[in-house]
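**Q** Have a look at this one.
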Amino acid sequence: MKEQNYQIARAYFTAVSNGALPDALLTEDMTGWITTNGTMSKTAYQRLIKLLAAMCAGPLRFTILSLTADEDRVVAEAVSDGVLVNGEPYSNTYVFVFRIRDGKIAAVAEHYNAFIAQEKLVPLMAEAAARLA
């Protein structure tokens, strides 16, 4: 079970790097939580992942520094690395807490450096959201 949960967490990072979080990885009632916005629905979280991809000039890559699993939880320490559409580099540090149910992600909480996200991503959000509309 632990290894299966690790694989699910790794699949999450691959999906986010590819710019979309497919329903196949998520429970119907999945929720997301992020440092700068709090709790959101599955649909809102999936849109946020697409918005993040729209702000990047290429894939946002994650390096997993550690994975720890216990019961229905996987905790991942990770760093991201990419280039934004304005040419600036983007890197952040994270702790993700995944709740796994029936082989899918039921909840994810993203803890990250809010200062970096505010400074680098917020200026690009409106334009990226318009491209997704």
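Please treat every number below as a calculation from the coordinates, not as lab data. Only a predicted model underlies this, so the values are computations on that prediction, with no experimental measurement involved. Cβ: placed from backbone, ideal geometry, glycine included. Neighbour counts: every protein chain shown.
**Q** Of the residues 23, 70, 81, which exhibits the maximal mean-square fluctuation in a Gaussian network model of the chain defined by a 10 Å Cα contact cut-off?
**A** Judging by the Gaussian network model, the answer is 70.
**Q** Lys and Arg at +1, Asp and Glu at -1: add these up for the other residues within a Cβ distance under 11 Å of residue 76 and post the number.
**A** Value of the local net charge: 0.
**Q** Additional query: Need one number: convex hull volume per residue for the chain, Cα atoms only, in Å³.
**A** Considering the Cα atoms of the chain, their hull volume per residue is 94 Å³.
**Q** Tell me which of 82, 32, 109 sits at the most positive position along the dipole axis of the chain, charges placed on C-beta atoms (Lys, Arg +1; Asp, Glu -1).
**A** About the Cα centre, the residue reaching furthest to the positive side is 82.
**Q** Could you work out the relative contact order of the chain? I mean the mean sequence separation of Cα pairs under 8 Å and 6+ apart, divided by the number of residues, in percent.
**A** 26 percent
**Q** Taking Cα centroids, how far is the range 22-58 from the range 78-133 in Å?
**A** 9 Å
**Q** Suppose only helical runs count, i.e. DSSP H with n ≥ 4. What mean residue ellipticity at 222 nm does that imply for the chain under -39500 (n - 2.57) per run, divided by all residues and rounded to the nearest 500 deg cm²/dmol?
**A** The helix-only estimate for the chain comes to -11000 deg cm²/dmol at 222 nm.
**Q** How far apart, in nanometres, would the label points at residue 23 and residue 113 be if each is projected 7 angstrom from Cα along the Cα-to-Cβ direction?
**A** 3.8 nm
**Q** To the nearest 20 Debye, how big is the dipole of the chain about its Cα centre, given +1 on the beta carbon of each Lys and Arg and -1 on that of each Asp and Glu?
**A** Rounded to the nearest 20 debye, it is 220 debye.
**Q** Ok, one more. Taking the Cα centre as origin and putting +1 on Lys and Arg beta-carbons and -1 on Asp and Glu beta-carbons, what dipole magnitude results for the range 1-73, to the nearest 20 debye?
**A** About 380 debye.
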